[in-house]
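*Asks:* Below is a structure I'd like to ask you about.
The values are calculated or read from the model by the stated rules, or taken from the named source; none is laboratory data. Here the structure is a predicted model, which means the values were calculated and not measured. Here the Cβ positions follow ideal geometry from the backbone for every residue, glycine too, while neighbour counts run over all protein chains shown.
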């Protein structure tokens with residue numbers, strides 16, 4: 001293990017604790033920003049070590065699940081602290097994550113892979129299954145609350161919220177079972193002759209467990225540092241006069257940095273299936289785990305919860321899924337697909353600033 005991969009996560013965790021104990025120090029905030037970038041790189045490194053040991057698609061599932069669990073804990077804690085003012089936090093975070101992953105991350109992977117390899121192949125069976133599950137989960141969680149009539153506004157009744165939570169968790173569990181057990185081969189990338197990782201000897205059990213522990217430390221540091229830096233982001237957004245929804249997008253971008261870096265790196269070495277496993281798996285986990293968690297918090301603690309999207313966001317979400325379905329039709333992609341997704345992501349980001 002390189003020395004930096006051991007030191008950086010621990011140093012980032014120390015800076016996180018220092019930032020909590022000494023809030024508002026400018027120099028410390030700058031160091032936290034640097035540590036955040038280092039923690040992202042460390043998380044990607046340790047995730048790849050674990051993935052090489054356990055094999056695909058378990059490796060991508062480890063990173064997606066670890067990030068999502070920490071993100072869910074962060075959302076629920078902010079909801080508990082913010083009360084009614086944070087009623088739409090879960091919706092904004094999930095929507096931002098879906099748009100960032102399906103357009104920003106996927107688009108960047110397709111563009112980078114297309115520029116380097118001209119065309120890239122993937123398994124249609126695995127990618128289409130992921131997209132089908134994501135469309136269903138997003139519709140149940142973000143679209144239907146806008147059109148139901150049993151409760152006012154873009155909300156669910158308790159019964160409707162419970163159904164959506166159970167359905168989301170059940171569908172995510174079935175997806176994981178299909179991905180890792182029943183049809184694991186659908187999610188395995190084709191082995192490339194030039195892919196050195198496929199020929200290298202796997203790490204030992206001790207090294208894999210050490211990397212798994214350091215991966216968790218790095219991810220805690222990433223999410224914690226993103227939370228520490230969020231007041232500065234909020235102040236910058238307020239000073240610029242941008243809408244408050246930009247804050248959720250900025251925080252989601254920070255939290256998704258490890259998965260983004262790992263997905264783009266996989267596409268660069270012509271392992272697009274791994275990129276899709278990371279991207280769509282993260283989006284599915286974001287909905288499948290977040291909705292049950294916030295639903296439980298809302299029902300048990302009486303917290304208000306707004307889930308339905310507004311008209312503009314519904315149009316962008318529909319456009320994203322239509323284009324994604326076209327992208328995942330033929331089993332091969334090129335840079336044009338990436339350019340289209342990145343344009344949609346640019347429209348999402350621009351209209352968040354200028355609604």
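*Asks:* Which one of 229, 253, 225, 214 is more than 20 Å from residue 119 (Cα to Cα), crowded, with 20+ Cβ neighbours inside 10 Å and modelled with pLDDT under 85? I'd like the intermediate steps shown before the answer.
*Replies:* Working: 229 fails: crowded, with 20+ Cβ neighbours inside 10 Å; 253 fails: crowded, with 20+ Cβ neighbours inside 10 Å; 214 fails: modelled with pLDDT under 85.
Just a single option satisfies the conditions, and that option is 225.
*Asks:* For segment 155-166, which residues satisfy the criterion of being without any contact (Cβ under 8 Å) to a residue 60 or more places away in the chain and either on the phi > 0 side of the Ramachandran plot or not in a loop (DSSP other than H, G, I, E, B) (or both)?
*Replies:* Answer for segment 155-166, where residues must be without any contact (Cβ under 8 Å) to a residue 60 or more places away in the chain and either on the phi > 0 side of the Ramachandran plot or not in a loop (DSSP other than H, G, I, E, B) (or both): 159, 160, 163.
*Asks:* Only one residue in 173, 200 is more than 30 Å from residue 312 (Cβ to Cβ), surrounded by fewer than 13 Cβ atoms within 10 Å (Cβ to Cβ) and modelled with pLDDT under 90. Which one?
*Replies:* Values: 173 fails: modelled with pLDDT under 90.
The unique qualifying residue is 200.
*Asks:* Another question, then. Consider segment 162-180. How many of its residues are farther than 15 Å from residue 130 by Cα and out of contact with any helix residue (DSSP H, G or I) (no Cβ under 8 Å at 6 or more places or on another chain)? Spell out the reasoning first.
*Replies:* Looking only at segment 162-180, we keep the residues that are farther than 15 Å from residue 130 by Cα, and these are 162-167.
If we keep only those that are out of contact with any helix residue (DSSP H, G or I) (no Cβ under 8 Å at 6 or more places or on another chain) as well, we get 163.
Of the residues in that region, 1 qualify.
*Asks:* With respect to residue 306, determine if the residue is under 30 Å from residue 238 (Cα atoms) and free of Cβ contacts under 8 Å to residues at least 12 places away in the same chain. Explain how you work it out, then say what you get.
*Replies:* Details: under 30 Å from residue 238 (Cα atoms): yes; free of Cβ contacts under 8 Å to residues at least 12 places away in the same chain: no.
No, not satisfied.
*Asks:* OK, next. Can you tell me which residues in segment 81-96 are modelled with pLDDT of 70 or more and either under 23 Å from residue 321 (Cα atoms) or part of a helix (DSSP H, G or I) (or both)? So that I can check it myself, show each step before the final result.
*Replies:* In the first step, residues of segment 81-96 are kept if they are modelled with pLDDT of 70 or more; the result is 84-96.
Scanning segment 81-96 gives 84, 85, 86, 88, 89, 90, 91, 92, 93, 94, 95, 96.
*Asks:* Among the residues of segment 1-24, count how many are surrounded by 13 or more Cβ atoms within 10 Å (Cβ to Cβ) and farther than 25 Å from residue 205 by Cβ.
*Replies:* 6
*Asks:* Please work out if residue 47 is under 21 Å from the mean Cα position of the chain (by Cα), assigned to a helix (DSSP H, G or I) and closer than 24 Å to residue 277 by Cα.
*Replies:* Against the criterion (under 21 Å from the mean Cα position of the chain (by Cα), assigned to a helix (DSSP H, G or I) and closer than 24 Å to residue 277 by Cα), residue 47 qualifies.
*Asks:* If I filter segment 107-154 down to residues being touching a helix residue (DSSP H, G or I) at 6+ places or on another chain (Cβ under 6 Å) and assigned to a loop (DSSP other than H, G, I, E, B), which single residue comes out as nearest to residue 297 (Cα to Cα)?
*Replies:* Result: 154.
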